Amino acid sequence: MIIHKEKIAFIGMGKFGTAIAYRLDITSRYKIAMYSRNKDDVEYFNEHKVSPKCFHECKFETASATDDIADAVDKAGIIFISVSSNGIKDVCEKMEGLIKKNAKVIICSKGISENYPFFYSEIAKNILGKKANIYVFSGPNFADEIARGELSITTLAGKNLIKTKLLSIIFRSTNIKIESSNDIIGVQLFGAMKNVMAITVGILEGLGFGKNRIIRTLMHFVSEIQRLSKVYKAKKNSAYLAAGIGDIMLTCFDEKSRNKKFGIAIGRGEKIAELLEKDLVEGYFATKAIRSMSLRVKRFNKQSLKYINALYDILYKDSKPAEILNSVEEKSE
Ligand SMILES: NC(=O)C1=CN([C@@H]2O[C@H](COP(=O)(O)OP(=O)(O)OC[C@H]3O[C@@H](n4cnc5c(N)ncnc54)[C@H](OP(=O)(O)O)[C@@H]3O)[C@@H](O)[C@H]2O)C=CC1
Ligand SMILES: O=C(CO)COP(=O)(O)O
C-alpha cells in the first residue's frame, strides 16, 4: 500500500530551517523539500542527506533539496519560510502564483527587514494575496538545540486559533511544545524587539555595567514595546508567550545569541561593519526598521522610543555607546 505523505517545503536552508526540517523529517510522516539558492549546497545535501553548513550529525531520512523554488513549493500543503530578514520579500515574490491554493505559509524569520519595514506577515500577504494562510513561528529556540532534539517550547500564531491549533499537530514527537496564539502582529513584534534588546544588553555588558543597570534599561524597552503594541494593536497577553518573555530571556541572557554577542563586541569597542560580516544579526536590521516604522506613526514623538533611537544612533551613526546610553538614562528621570 502506498501511503501518501503531506509535502512540506522549507524556503531557506540556513541553521533554523535545517533544524526544523530535520525534526520533521525524522518523524517519517512528511515529504520534505528544501529550497536553497545555492546550487552547491543543494548538490551536497542531495548526495549526503546532511546540510553542508551546519549540524553535520543530523542525517536526514528522505528529504531532498532543490534550487528551483517552484519545484520546492509544488503541491506543498505547508511552506516554512526560514530565510534571513532581508530575503523575505524576495522569496515571497519568487513564490507568487506558485503555491497551492490552501497552502499554509509559516514564517520562522524573526525581525523586520531593513529595506522594507513592514511586518513579514504583511509583506507575505501583499505579495501572495489577501487569502494566503499566513502563520508565524517564534520562540526561545536556538537552532542547534532544536536540531539535537532538546525539549523546547515555541509559539505558533495564526489568524484563526482553532486552525492554528490543528496545524500545530505537525510538531508532535518533535520535542517542540507548541502554544497557539492568534496575535500574529504581537508575536512578530516581540520576535523583532527581543533581538534589539539583546544587542543593547550585550553592549551594556561589554561596557562593564552591572545587572541592575542592565535590567533598568530592559524595563525601559518593555515600555517601548507596550507603546508599539498599542499602535500595532498587538494583544497585551502576548508578552507572556514563549515568543514574548520566553525569547527575551533566552536571547538577552545567553551568549549563544548572535545578537547578544554582537552587542558585547560593540561594547568592547569592536567595529560594527566587521562584526556584521561574520554573522547574521537580525536586531541590527530590526532597529533601523522599527525606527522607520515608528516615524510613520503620528502620535509618536522623539521621546516615545528613545531607547530604540539610542541604539539606532550607536549602530548607524557611530555614536559612542556609553555616552548615548547614559544620556538617555539621565533624560528618563
Ligand atoms: N539560528 C537560530 O537559533 C534561530 C533563528 N531564527 C530566525 O530564522 C531566520 C534565519 O536564521 P538562521 O537560519 O539562523 O540564519 P542563517 O544565516 O543560518 O540562514 C539564513 C538563510 O537564509 C538564506 N537566504 C537569505 N536571503 C535569501 C534569499 N533572498 N533567497 C534565498 N535564500 C536566502 C541564506 O541563503 P545563503 O546561504 O544562500 O546566503 C541562508 O541559507 C532569522 O530570521 C532568525 O532570526 C529563529 C529562531 C532561532
Ligand atoms: O532567535 C533566536 C533564539 O530564539 C536566535 O537568536 P540569535 O539570532 O540572536 O542567535
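The numbers here are math on the coordinates, done by the rules we state, and not lab data. None of these values were measured; they are calculated from a predicted model. Heads up, the Cβs are rebuilt from the backbone with ideal geometry, glycines too, and the neighbour counts pull from every protein chain shown.
Below is a table of values for the structure above.
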read-out: Scattering profile of segment 5-182 at q = 0.10, 0.12 Å⁻¹ [log10 I(q)/I(0), Debye over alpha-carbon scatterers]; value: -0.33, -0.49
read-out: Amide H partners (placed H, <5 Å) of Ile8, local residues excluded; value: Lys31, Ile32, Ala33
read-out: Using θ = phi - 60° and Karplus 6.51 cos²θ - 1.76 cosθ + 1.60, couplings along segment 64-72 (whole Hz; Gly, Pro as x); value: 10, 10, 8, 9, 10, 5, 5, 5, 5
read-out: Table column - 3J(HN,Hα) (Hz), segment 39-45, Karplus curve with 6.51, -1.76, 1.60, x for Gly and Pro; value: 4, 5, 5, 5, 5, 4, 4
read-out: 5 angstrom amide H check on Lys235, placed H, neighbours 5+ away; value: Gly186
read-out: Globularity index of segment 158-305, i.e. its alpha-carbon radius of gyration over 2.2 N^0.38 Å; value: 1.13
read-out: Ranked Phe300, Phe119, criterion: other C-beta atoms within 10 Å, fewest first; value: Phe300, Phe119
read-out: Exposure proxy order (Cβ contacts within 10 Å, fewest to most) of Phe80, Phe45, Phe190; value: Phe45, Phe80, Phe190
read-out: Range of Cα positions in the chain per principal axis (Å), largest first; value: 71, 37, 33
read-out: Qualifying GluC sites (Glu not before Pro) for segment 1-72 [loop in DSSP, other Cβ within 10 Å: at most 16]; value: Glu57, Glu61
read-out: Order of Val281, Val42, Val196 under a 10 Å beta carbon neighbour criterion, fewest first; value: Val42, Val281, Val196
read-out: Semi-axis lengths, Å, segment 190-255, gyration tensor of Cα atoms, sqrt of 5 times eigenvalues; value: 22, 12, 9
read-out: Segment 167-228 versus segment 1-78: alpha-carbon centroid distance in Å; value: 29 Å
read-out: Whole-Hz couplings from phi, Karplus 6.51/-1.76/1.60, listed for segment 13-19; x for Gly and Pro; value: 10, x, 5, 6, x, 4, 5
